[in-house]
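Note sheet for the following structure.
The values are calculated or read from the model by the stated rules, or taken from the named source; none is laboratory data. In this text, all values refer to a predicted model and were calculated from it rather than measured experimentally. Glycine gets a Cβ as well: all are built from the backbone with ideal geometry, and neighbour counts include every protein chain shown. With ligands, DNA and RNA removed, areas are computed over all heavy atoms of the protein, side chains included. Shrake-Rupley method; radii C 1.70, N 1.55, O 1.52, S 1.80 Å.
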Amino acid sequence: MTPLRWLNENIEKVLTATLLLLFSGLMIINVAMLFLIQTALAWASEAVLLMFVFFVWIGISYAFKERKHISVTALVERLPAAGQKVHGIVVNLLIMAFFIMLAKVGLEWLLNPAVQNKSSLLLGYPMWLFYASAPVGAALSIFRLVQNSIQDIRGMLETGAK
């Protein structure tokens with residue numbers, strides 16, 4: 001398996017698993033410290049928040065890759081097979097439009113001087129890291145939606161040719 005193919009298949013899985021392990025472990029350590037020695041790591045909540053935000057955005061992309069997002073299908077299931085496929089492509093395009101707007105707004109916020117010059121209260125990490133989560137997550141989601149749409153169109157063309 002080529003490195004690019006491996007990344008395509010596994011990047012979200014590895015990142016979400018790693019982030020989940022890190023922020024869960026940090027929370028467990030913090031709670032144990034609070035219980036055992038009545039003090040906690042002051043910076044832990046900030047670190048967990050940053051990891052969790054990236055975890056959510058990457059998880060959204062992973063759900064698109066696996067086609068596991070919740071959807072209401074009561075009306076769609078009544079359509080013929082070709083109609084269901086067209087509906088799926090149209091929905092993907094609408095969701096892509098939303099994520100494109102989200103990425104644009106996220107980049108505007110990210111590049112805003114007010115954000116560029118801020119740092120977090122306890123850790124002192126640059127706040128642009130936090131704001132980068134939206135455009136990064138949106139870009140990953142757009143990439144997965146494009147992949148899904150190409151796959152759907154190819155499948156529709158192949159079944160239409162038979």
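Relative contact order, whole percent, for the chain stands at 26, derived from Cα pairs under 8 Å and 6 or more residues apart.
Extension gain for the segment Ile70 to Thr2, taken as residue separation times 0.36 nm less the Cα-Cα distance, is 21.3 nm to one decimal. Taking the centroid of alpha carbons for each part, the stretch 83-162 and the stretch 1-66 are 20 Å apart. If you take all other residues with their beta carbon under 15 Å from the beta carbon of Gln84, and give Lys and Arg +1 and Asp and Glu -1, the sum is +1. Modelled label positions at Ala97 and Ser45, each set 7 Å beyond Cα in the direction of Cβ, lie 4.1 nm from each other.
Restricting attention to the stretch 1-111, the count of lysine pairs at 8 or more positions apart or across chains with alpha carbons under 24 Å apart stands at 5. Overall, the anisotropy analysis places the chain in the prolate class: the square-rooted eigenvalues a ≥ b ≥ c of its C-alpha gyration tensor yield a/c not less than 1.5, with a/b exceeding b/c.
What's the extension gain from Trp109 to Val56 if we count 0.36 nm per residue and subtract their Cα-Cα distance? Result for the pair: 17.2 nm of gain on full extension.
How much of the accessible area of the stretch 11-162, probe 1.4 Å, is carbon plus sulfur, in whole percent? Working shown, then result.
Numbers: 7330 of 9860 Å².
Carbon plus sulfur share of accessible area: 74 percent.
Thr159 exposes around 80 Å² of accessible area when a 1.4 Å probe is run over every protein chain in place.
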